[in-house]
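Undergrad: Would you mind keeping the following structure in view while I ask a few things?
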Amino acid sequence: MQGRWDIALRDLDNPLVLDADGNGRLTWGELKARQRDIGSYALARLTLSAGGQACAIQPQDMLIDHHTDGAYAVLMFNARYAVPPTRLKIGYRLFADLDTLHKGLVHVVNDGAISTAILGLDRPEEVLDLHGKSLGGVLGDFMLEGIWHIWHIWHIWRSFDHALFLIALLLPASWVATGRGWQPVRSVRPVLMEMLRIVTAFTAAHAITLTLATLHLISLPGVVVEIGIAVTILLTALNNLYPVVQRRLWLVAFVFGLIHGFGFANVLTDMALSSTHLAAALAGFNLGVECGQLGLVLLLLPVLYLYRQERGFKQVLLYGGSAAICAFAVVWVWQRSAPLLA
């Protein structure tokens, strides 16, 4: 078997300290000097077995490639097996001790048959049928990945931004803008309808750009997308503090959701799936994101509606929460702009 393993340099730099001179920039010379260390570190955390026997993995050359979210080390390797397999068992434990949310996307081609898997700390092993994975299996895998992508709430600096943007949009759902402030709504129906409109508009928008980016019809630099996402969060939170846009917040969710779709595209862009498997993956991921967002609605709706008239609740949750979101967004804008300013 011939293998290719792409690993983000920013992730490898954490355990291996690849930036030897500490100037914040990795050069080919620095990476070439550590090629053996990179290969040893990664391949020690990957196991392949077929027919009940381990496959001997032999490292080959290391290359550098650029994906939508930055530079990657590309490890080429061969794996030898004793008997041509029908099933392949993969064990994946890269960064398991450093990043509990790290995922490895697996794409196996065998005589035209395609199998996929998403591995991580929650699923470190997978047995793939080399005759190909069913469309239902691909749909289910990527639906779970879509839900997981929204509910990374405890991992602030990596995937919290999409959920935080949605929270910023939903916070004022129990109030109506009057002048430059907010007044409580009278019934639950408009609150529920506003939340559903926002979530649906956001899903529809990011589904459009996710599909276009995954099909390579539109491409934006990863750093521009990440900065754009942070700016959308900042503007949405500022609007909660000083409501310039007072009606039809679902339009804001749609417009800004177009930017967030490019961020979601990182999950699928580089997997080179067949057209049918790609369609299943896109559908599953979008359904998963929608389910994750509806989960946020179910959590926020009772709290926002029941306590909307309590003294101090609006100040603490709407204004205080939006101010905190602004602080996160400002930090993200600064951090993500740093590579462009360096």
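Undergrad: Conditions first: (1) assigned to a strand (DSSP E or B); (2) of a type in the set (A, V, I, L, M); (3) without any contact (Cβ under 8 Å) to a residue 60 or more places away in the chain. I38 passes all but one, so which condition is the exception?
TA: It fails just one condition, (1).
Undergrad: Does segment 42-83 hold any residues that are of a type outside the set (A, V, I, L, M, F, W, C) and without any contact (Cβ under 8 Å) to a residue 12 or more places away in the chain, and which are they? Break it down into steps so the answer makes sense when it comes.
TA: As a first pass, look at segment 42-83 and keep what is of a type outside the set (A, V, I, L, M, F, W, C): 45, 47, 49, 51-53, 58-61, 65-70, 72, 78, 80-81.
G52, H66 - these are the residues of segment 42-83 that are of a type outside the set (A, V, I, L, M, F, W, C) and without any contact (Cβ under 8 Å) to a residue 12 or more places away in the chain.
Undergrad: Sticking with this structure for a sec: Confirm whether H260 is outside the structural domain of K103 (by TED's automatic domain parsing) and in a helix (DSSP H, G or I). Don't jump to the end; show me each part of the working.
TA: Values: outside the structural domain of K103 (by TED's automatic domain parsing): yes; in a helix (DSSP H, G or I): yes.
For H260, the condition - outside the structural domain of K103 (by TED's automatic domain parsing) and in a helix (DSSP H, G or I) - is met.
Here's the yes/no breakdown for (1) under 30 Å from L215 (Cα atoms); (2) more than 17 Å from the chain's Cα centre (by Cα); (3) not aliphatic (A, V, I, L, M):
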{"site": "N286", "(1), (2), (3)": "yes, no, yes"}
{"site": "V289", "(1), (2), (3)": "yes, no, no"}
{"site": "R308", "(1), (2), (3)": "no, yes, yes"}
{"site": "A323", "(1), (2), (3)": "no, yes, no"}
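Undergrad: Where residues in segment 251-278 are among the β-branched types (V, I, T) and at pLDDT 70 or above, which of them is surrounded by the fewest Cβ atoms within 10 Å (Cβ to Cβ)?
TA: My answer is T276.
Undergrad: Given the conditions (1) touching a helix residue (DSSP H, G or I) at 6+ places or on another chain (Cβ under 8 Å); (2) charged (D, E, K, R); (3) within 18 Å of L94 (Cβ to Cβ), which single one is not true for D65?
TA: Only one criterion is unmet by D65, namely (1).
Undergrad: In addition: Count, please, the residues in segment 122-142 that happen to be basic (K, R) and in contact (Cβ under 8 Å) with a residue 40 or more places away in the chain.
TA: Within segment 122-142, the subset basic (K, R) is 123, 133.
With the extra rule that they be in contact (Cβ under 8 Å) with a residue 40 or more places away in the chain, the set shrinks to 133.
The qualifying residues number 1.
Undergrad: Scan V330, V303 and give me the residue that is assigned by TED's automatic domain parsing to the domain that holds V225, β-branched (V, I, T), in a helix (DSSP H, G or I) and over 21 Å from the mean Cα position of the chain (by Cα).
TA: Of the residues listed, the single one that is assigned by TED's automatic domain parsing to the domain that holds V225, β-branched (V, I, T), in a helix (DSSP H, G or I) and over 21 Å from the mean Cα position of the chain (by Cα) is V303.
Undergrad: Could you please find all residues in segment 189-232 being closer than 23 Å to G320 by Cα and hydrophobic (A, V, I, L, M, F, W, C)?
TA: Across segment 189-232, the qualifying residues are V191, L192, M195, I198, V199, I229, A230, V231.
Undergrad: Oh, and also: Is it fair to say D129 is surrounded by fewer than 18 Cβ atoms within 10 Å (Cβ to Cβ) and either modelled with pLDDT of 80 or more or closer than 28 Å to Y41 by Cα (or both)?
TA: yes
The values are calculated or read from the model by the stated rules, or taken from the named source; none is laboratory data. Every value quoted in this text rests on a predicted model; they were computed, and no experiment measured them. Cβ coordinates were reconstructed from backbone atoms using ideal geometry, including for glycine residues, and neighbour counts include every protein chain displayed.
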